[in-house]
Amino acid sequence: MDDVNDSMVLRPKLSPVIDFGQMPIANAFLSESEFDSIKKGLKWEYSYNMVLGFDPETHAIGLVNTVPQEMMFHDHYAFFSSTSKGMQKHFFETAQALKPYVGSGVVVEIGSNDGIMLEAWKELGIPAVGVEPSANVARTSRERGHNVINAFMNMATVHAILESYGVQKRGIYLVFAANVSCHIEELGAYLSCISQLIGKHGIFVCEDPYFLDIVQKTSYDQIYDEHVWYFTISFMNTMLESLGLHVFHCEHIDVHGGELRMYIGHRDTHKETPAVAEWRARETDIELKLLLLERNIKASREKLRDILYGLKKSGKTLCGFGASSKGVIVANYCGITPELIPYVTDNTPAKQGMYYPGMHIPVIPQEEFKKRNPDYALLFVWNHLKEIQKYQKWFEEGGGKWITHVPNPRII
């Protein structure tokens, strides 16, 4: 990131703890032609050694080996937030809750995807600008009438924001990012950019997967290429210290299997609330928690495989539900092949007709899922179970059963 004092940027030094082996890019779904080329040996499918590491000095938990951002966020990115009705509701309620912080200013959202949160601000009559590096989802957002800068967050983007969209007249009092900060390899430089946007009086609100939730639920599918970091308040405060910023408030939210929403502002302006100390007190013995997580992950893999192979052996029909990044990790780590799970169903048009990275399981529309009516469906999107049960009520009513691996593998 340009225009950032390199000597001020803190870079954690991670030591390996949990090795998941070779993994593909979790959102790199394959088209039929790409799949054919790989089968014929004409194309190479990218993979990397996914290893979770820890740095006791900075309290950082993250990926030892990372994937270049351009390989993950591009003009054919496969994740569209607005396909989930539950997430639409979540972001509208979030915008309403954060509205008091906006004042007469402009909201900046980092990683605005297809505009799911920008739409909420629009409905509330609040001017907002999104920053989105993936061209295809940024284009979808623009088509909905949103102001979007198609770029990664860096100092050039900061200057572009400050010089446009009425920001100079109104100012910025709120910068928001949902499931984005965990993506940024150069986290120190990224936070420096945010510091430039919010100054001493604005705030930055981010919500990302919380490490303690991953340990509690053994939700190892939260760990993949896009998620470089796994946050605790201790780690975030270490990264913010040189900028004069700190986490002054936090709240736990249930989305995506458990996240911590952190409110960040200048130390001189925003005083810490009791909630911060309460959550920070739970962030002890991280190294021991990592070792426990490693043991539980291995046990979870073996139990899930036993369930799936047992059902297959007894003649039951199986499928996967939700072509998610989480599902790609579970399928690849557990060795779930098309012979075991012949297809995955999903309601995202961009993923239908595609193939899972690594395991090459085909993705079919949900209408086809209903026609095939399998006996069991493995939830690759277990965090959306309530929404799924609401819209797929016919499945359970007809005798179908869900399988989940969180917090432990079982038939629901």
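Any residue that is closer than 30 Å to residue 375 by Cα, modelled with pLDDT of 95 or more and not β-branched (Val, Ile, Thr) - is there at least one of those in the range 276-296?
Yes, because at least one residue in the range 276-296 is closer than 30 Å to residue 375 by Cα, modelled with pLDDT of 95 or more and not β-branched (Val, Ile, Thr).
Could you please give the count of residues in the range 141-160 that are in a helix (DSSP H, G or I), buried (at least 19 other Cβ atoms within 10 Å of the Cβ) and at pLDDT 90 or above?
Total meeting the criteria: 2.
Based on what the data block shows, is residue 388 touching a Pro at 6+ places or on another chain (Cβ under 6 Å) and of a type outside the set (Asp, Glu)?
No; evaluated as a whole, the condition is false for this residue.
In the range 103-135, which residues are of a type in the set (Val, Ile, Thr) and buried (at least 22 other Cβ atoms within 10 Å of the Cβ)?
Within the range 103-135, 106, 107, 108, 110, 116, 129, 131 qualify.
Collect the residues in the range 367-383 that are within 16 Å of residue 341 (Cβ to Cβ), open to solvent by 10 Å² or more (accessible area, probe 1.4 Å) and touching a Gly at 6+ places or on another chain (Cβ under 9 Å), keeping them in residue-number order.
Within the range 367-383, the subset within 16 Å of residue 341 (Cβ to Cβ) is 368-369, 372-382.
From what is left, the residues that are open to solvent by 10 Å² or more (accessible area, probe 1.4 Å) are 368, 372-373, 375-376, 381-382.
Within the range 367-383, 373, 375, 376, 381, 382 qualify.
Look at residue 136 and say whether it is closer than 24 Å to residue 324 by Cα and not in a helix (DSSP H, G or I).
Against the criterion (closer than 24 Å to residue 324 by Cα and not in a helix (DSSP H, G or I)), residue 136 does not qualify.
When residues of the range 343-360 are filtered for being in a loop (DSSP other than H, G, I, E, B) and free of Cβ contacts under 8 Å to residues at least 60 places away in the same chain, how many remain?
5
Go through (1) open to solvent by less than 10 Å² (accessible area, probe 1.4 Å); (2) more than 27 Å from residue 69 (Cα to Cα); (3) out of contact with any helix residue (DSSP H, G or I) (no Cβ under 6 Å at 6 or more places or on another chain) one by one and return the number of the condition residue 250 breaks.
(3)
Might you let me know whether the range 326-338 holds any residue that is within 23 Å of the chain's Cα centre (by Cα) and either open to solvent by 40 Å² or more (accessible area, probe 1.4 Å) or closer than 30 Å to residue 100 by Cα (or both)? Step through it out loud before you land on a result.
So the first thing to find is which residues in the range 326-338 are within 23 Å of the chain's Cα centre (by Cα), and the list is 326-336.
Next cut, either open to solvent by 40 Å² or more (accessible area, probe 1.4 Å) or closer than 30 Å to residue 100 by Cα (or both) only: none.
Within the range 326-338, not a single residue is within 23 Å of the chain's Cα centre (by Cα) and either open to solvent by 40 Å² or more (accessible area, probe 1.4 Å) or closer than 30 Å to residue 100 by Cα (or both).
Okay, residues lined up against (1) within 26 Å of residue 10 (Cβ to Cβ); (2) open to solvent by 10 Å² or more (accessible area, probe 1.4 Å); (3) touching a Lys or Arg at 6+ places or on another chain (Cβ under 6 Å):
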site	(1), (2), (3)
162	yes, yes, no
170	no, yes, no
186	yes, yes, no
203	yes, no, no
215	yes, yes, yes
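Among the residues of the range 82-102, what is the count of those that are at pLDDT below 90 and open to solvent by less than 20 Å² (accessible area, probe 1.4 Å)?
Count: 3.
Quick check: anything in the range 175-183 small (Gly, Ala, Ser) and surrounded by fewer than 23 Cβ atoms within 10 Å (Cβ to Cβ)?
no
Which residue pairs have Cβ atoms closer than 9 Å, lie 6 or more positions apart in sequence or on different chains, and pair a first residue in the range 86-98 that is acidic (Asp, Glu) with a second residue that is part of a helix (DSSP H, G or I) and open to solvent by less than 60 Å² (accessible area, probe 1.4 Å)?
93/120
Does any residue in the range 190-217 that is more than 30 Å from residue 297 (Cα to Cα) and basic (Lys, Arg) come within less than 7 Å, Cβ to Cβ, of a residue that is at pLDDT 95 or above and open to solvent by 10 Å² or more (accessible area, probe 1.4 Å) six or more places away or on a different chain, and which pairs are these?
Short answer, once both residue conditions are applied: 200/266; 200/268; 200/269.
So which of 61, 18 is under 17 Å from the mean Cα position of the chain (by Cα), at pLDDT 95 or above and in a strand (DSSP E or B)?
Being under 17 Å from the mean Cα position of the chain (by Cα), at pLDDT 95 or above and in a strand (DSSP E or B) holds for just one of 61, 18, which is 61.
The values are calculated or read from the model by the stated rules, or taken from the named source; none is laboratory data. Note that this is a predicted model, so its numbers are computed, not measured. Every residue, glycine as well, gets a Cβ built from its backbone with ideal geometry; the counts of neighbours run over all protein chains shown. For the accessible areas, the whole protein counts, side chains as well, though only heavy atoms, and no ligand, DNA or RNA atoms are used. Shrake-Rupley method; radii C 1.70, N 1.55, O 1.52, S 1.80 Å.
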